[in-house]
Amino acid sequence: MNILCSFALSQIKRKKCRTAITALAIALSAALLTAVVNFVASGNAMLAGFLGEDYGLYGGAYLMMLLVPAVFLAALIAAMSVIVISNAFRMSANERMAQFGTLKCVGATKNQIYKMIMYECILLCTLAIPAGILLGYLLSFIGIGVANLYMDELNVLVRSMMKRVDFSLSFVFSPVALIASVVISLGTVLFAAMLPARRAMRISALDCLRNGGETDTSGYKRTKITIDAGKKIECRMARKNVSSYRRRMHSAVTAFAISIMLFITMSGLQEIAEGIQNYIYADYGYAVIADYTAKFKNTIHPETGRRQQECAYPIDAGTAEEITRQLREFEETDVYGSGQDYSTYAARLAVQDITEEMRQVLAESTGEEQSEIVLDVERIILDDRHYAELCTQAEVEYGGVILLNDYKYNDSGTERHIAPLAATTSTLKLETADGSQEEIAIDGVLETAEIPGILMYPNTNPIRLVVPAAGVSVRGYNWFANPKDEEGFMAYARGVLEERFPQHGMDYDEAGYTSRVYGAQDFVKIMNIAIVLAAFFLYAFVFLLGLIGVLNVVSTVSFQIKLRARELAVLQSVGMTSDSIQKMLNIESILCAGKALVAGLPLGMGIVAVMAHCVKKLFPISFHMPWVAIVITIGISVFVMWGTVRISAGALKKQNIIETIRV
């Protein structure tokens with residue numbers, strides 16, 4: 001072992017507390033990077049098993065979905081690690097500046113000073129990185145195990161809606177992933193150590209011996225304190241000290257601010273996800289849903305150039321009514337049947353045919369006024385029993401066309417309901433993609449408050465018509481039921497649909513259609529599982545990354561308190577009591593925590609506000625800032641900073657004032 005390595009090893013052995021904190025920061029960094037890399041390997045194995053080795057037709061999109069979050073998380077971990085580890089080596093180097101000055105005076109070169117610090121880094125890496133990689137694999141194993149606990153239930157729910165689906169994460173040990181983890185972790189730590197090492201090698205021997213290497217004092221603010229009996233001296237001194245030592249605390253405050261920002265961002269993301277879930281799910285008062293959906297293809301009509309939808313196996317009204325009758329035979333269960341045709345017809349309207357509110361909405365969406373308006377038409381067919389009830393409600397004869405005069409749209413996060421057609425509109429001219437036209441009469445109108453809740457589903461066309469079912473075929477049909485025996489009814493309904501629409505083990509693409517029977521709450525359960533899994537992994541990631549930041553705070557604050565031991569002893573010698581010094585340090589800790597909060601809270605809340613604004617453009621969700629998380633963050637931040645200062649200052653009480661000043 002050469003002399004430089006011996007110097008580095010002796011420094012590691014002598015400063016056991018800082019060595020432990022630095023090694024722990026390196027190990028956590030390597031663990032997080034390993035966990036991210038290993039999750040990518042496990043996710044790749046799951047997607048390859050589910051979609052094929054090349055991920056199928058949309059392989060590039062799936063690959064980007066897998067890699068982009070991983071690269072973002074790895075970059076965030078690396079950035080935080082560089083801040084924390086670089087600060088640890090900077091403090092170690094600052095503490096040894098006099099030693100470096102002495103070595104330079106007796107002939108040590110700049111490169112030797114540089115190598116001494118890098119040897120210290122490499123020695124720590126030889127122990128910390130392997131331990132961190134093992135911890136990363138352990139975290140991956142535990143995380144995958146937790147995920148699979150939820151995925152078992154997820155698979156049960158999804159299989160009731162889809163065929164041949166099996167989501168499962170497996171722990172994958174990949175030599176490539178292991179090498180990538182080692183290289184990324186080692187590169188991050190070496191880069192972090194290079195920054196203070198290069199700074200230390202450039203400082204002259206005279207500066208090292210004279211003022212501890214602080215050649216640039218521009219970051220320090222010279223202040224004066226006027227003694228005023230009417231004001232607390234502890235508070236004034238605390239403010240002065242925080243201002244004077246802001247450069248030394250910069251990395252700790254920065255790392256703390258990043259941790260605060262991440263926690264607030266994750267909390268806001270969870271709020272947004274729950275808002276989307278609440279919007280998507282609507283309780284129609286039915287416990288079981290059965291549906292049939294045919295495969296479709298959007299094409300352009302060769303003659304008119306209009307978009308059209310080609311459906312290979314639509315369901316006709318007669319078949320749908322027969323299935324409704326069969327389902328009602330199960331313990332006389334009431335079944336509500338409805339089908340929708342979204343794409344066959346469009347209505348050509350004059351400006352006076354639509355309401356003023358609808359004209360404003362269309363003008364905002366298109367950016368211009370239109371003399372003639374074309375709106376998509378949604379045709380709805382119902383089972384005979386409920387269609388007759390709706391005709392009675394609309395006061396029209398059985399066989400009439402009923403207009404559901406309601407259009408809902410997203411107004412920057414708020415769901416608005418307006419009447420699209422004017423009260424004077426009594427007929428509609430409908431057109432198909434091939435240019436053929438049909439004029440129909442509107443026999444009855446139901447306004448927003450009169451429309452049954454089951455027909456107020458999320459995605460609707462501007463013009464909605466309930467038409468007689470005879471002779472109509474639709475792409476999809478739904479049967480809603482509220483049986484006493486849910487499990488028995490679901491098994492019975494699956495038999496009915498399988499008899500009518502046998503798939504023989506084929507999936508949706510192969511058969512050209514699919515039929516499903518599932519609980520109305522299943523979608524909510526799937527969303528809940530997805531949110532819980534995402535929250536578990538994201539909060540675990542933020543917690544571990546925040547722990548790295550806390551280690552930086554602990555290391556920096558304890559170093560600063562120790563460095564100021566002589567200053568504090570002088571204050572005691574001139575009459576300042578231990579309680580006053582502790583109060584001053586407590587105020588300093590609160591001010592430092594406040595600086596981190598001032599930087600981290602607005603940034604985190606700003607990111608959450610931007611995310612919410614973008615999501616509200618797509619979904620009319622209710623959203624509020626995660627105030628509970630913000631209050632918790634403030635409390636934890638102040639407590640961590642205050643607790644670290646109090647513990648570090650407590651160690652100084654055992655020191656002799658005279659000996660401390662003499663040193």
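Looking only at Cα atoms, what is the convex hull volume of segment 275-320 per residue, in Å³?
Values: hull volume 7.4 nm³, N = 46.
Cα convex hull per residue, to the nearest whole number: 161 Å³.
For segment 300-453, state the average projected area of the convex hull of the C-alpha atoms over all orientations, rounded to one decimal in nm². Please report the intermediate quantities before stating the final value.
Details: hull surface 46.8 nm².
Projected over every direction and averaged, the Cα hull of segment 300-453 covers 11.7 nm².
So, with a 1.4 angstrom probe, what is the percent of accessible area on the chain that is carbon and sulfur? Walk me through the intermediate numbers first.
On the way: 19820 of 32800 Å².
Ligands and nucleic acids excluded, carbon and sulfur give 60 percent.
Counting only C-alpha contacts under 8 Å and six or more residues apart, can you give the relative contact order of the chain as a whole percent? Kindly include the intermediate steps, with their values, before the conclusion.
Values: 977 pairs, mean separation 136.0, N = 663.
21 percent.
Over segment 478-566, with the other protein chains present, what is the accessible area per residue in square angstrom, probe 1.4 angstrom?
45
Can you pull a Stokes-Einstein diffusion coefficient for segment 231-313 at 20 °C (1.002 mPa s), Rh from Kirkwood over Cα pairs, as a whole number of µm²/s?
Numbers: Rh = 20.3 Å.
The diffusion coefficient I find is 105 µm²/s.
Roughly how many Å² of residue 137 are accessible to a 1.4 Å probe, to the nearest 10?
It works out to around 30 Å².
Let me know the Kirkwood hydrodynamic radius for the chain, please, with Cα pairs as the basis and the value in Å to one decimal. Intermediate results must be reported in sequence, preceding the final value.
Values: mean 1/r = 0.0326 Å⁻¹.
Mean inverse Cα-Cα distance, inverted, gives 30.7 Å.
Rounded to two decimal places and with Rh computed the Kirkwood way over Cα pairs, what is Rg over Rh for segment 576-641? Present the calculation step by step, with values, prior to reporting the outcome.
Details: Rg = 17.5 Å, Rh = 14.1 Å.
A ratio of 1.24.
For residue 138, tell me the accessible area in Å² from a 1.4 Å probe, rounded to the nearest 10.
90
On a 22 Å Cα-Cα criterion, which of the cross-link pairs 15/115; 562/583; 297/429; 15/562; 240/562 come out too long?
Working: 15/115 19 Å; 562/583 17 Å; 297/429 25 Å; 15/562 13 Å; 240/562 18 Å.
The pairs that break the limit, which is 22 Å between Cα atoms, are 297/429.
Rolling a 1.4 angstrom probe over the protein heavy atoms, how many square angstrom per residue are accessible across segment 351-418?
52
Could you work out the helix-only [θ] at 222 nm for the chain, with each DSSP H run of four or more residues adding -39,500 (n - 2.57) and the total divided by the number of residues, to the nearest 500 deg cm²/dmol? Could you put the intermediate results ahead of the total?
On the way: 19 runs with 397 residues, N = 663.
Using -39500 (n - 2.57) per qualifying helix, the result is -20500 deg cm²/dmol.
Could you derive backbone 3J(HN,Hα) for segment 587-603 from the dihedral phi with the Karplus parameters 6.51, -1.76 and 1.60 (θ = phi - 60°), listing whole Hz in sequence and x where the residue is Gly or Pro?
Once θ is set to phi - 60°, the couplings for segment 587-603 become 5, 4, 4, 5, 5, 5, 4, x, 4, 5, 5, 4, 7, x, 5, x, 5 Hz.
Please compute the volume of the convex hull spanned by the alpha-carbon atoms of segment 270-348 and report it per residue in Å³.
Details: hull volume 15.0 nm³, N = 79.
Per residue, the Cα convex hull of segment 270-348 comes to 190 Å³.
Within the P(r) computed for segment 544-663, what percentage of the Cα pairs occupies the region above 21 Å?
Beyond 21 Å sits 52 percent of the P(r) for segment 544-663.
Any chance you could list P(r) for segment 413-552, counting all Cα-Cα pairs in 10 angstrom bins from zero, rounded to whole %?
Reading upward from the zero bin: 7, 20, 25, 23, 14, 7, 3, 0.
Which residues' amide hydrogens lie under 5 Å from the amide hydrogen of residue 464, considering only partners 5 or more residues apart or on another chain, with H built in the peptide plane?
378, 404, 406
Ordering 613, 386 from largest to smallest accessible area (1.4 angstrom probe), what's the sequence?
613, 386
Could you work out Rg/(2.2 N^0.38 Å) for segment 534-602, with Rg from alpha carbons only? Walk me through the numbers before you get to the answer.
Working: Rg = 16.7 Å, N = 69, 2.2 N^0.38 = 11.0 Å.
In units of the globular-protein estimate, segment 534-602 measures up at 1.52.
With axes computed from alpha carbons, what is the tilt in degrees of helix 486-500 against the longest principal axis of the chain, rounded to the nearest 10 within 0 to 90?
The helix 486-500 is inclined about 60 degrees to the chain.
The values are calculated or read from the model by the stated rules, or taken from the named source; none is laboratory data. Because the structure is predicted, anything quoted here is derived from the model rather than measured. Quick note on the areas: whole protein, heavy atoms, side chains included, nothing else; ligands and nucleic acids left out. Shrake-Rupley method; radii C 1.70, N 1.55, O 1.52, S 1.80 Å.
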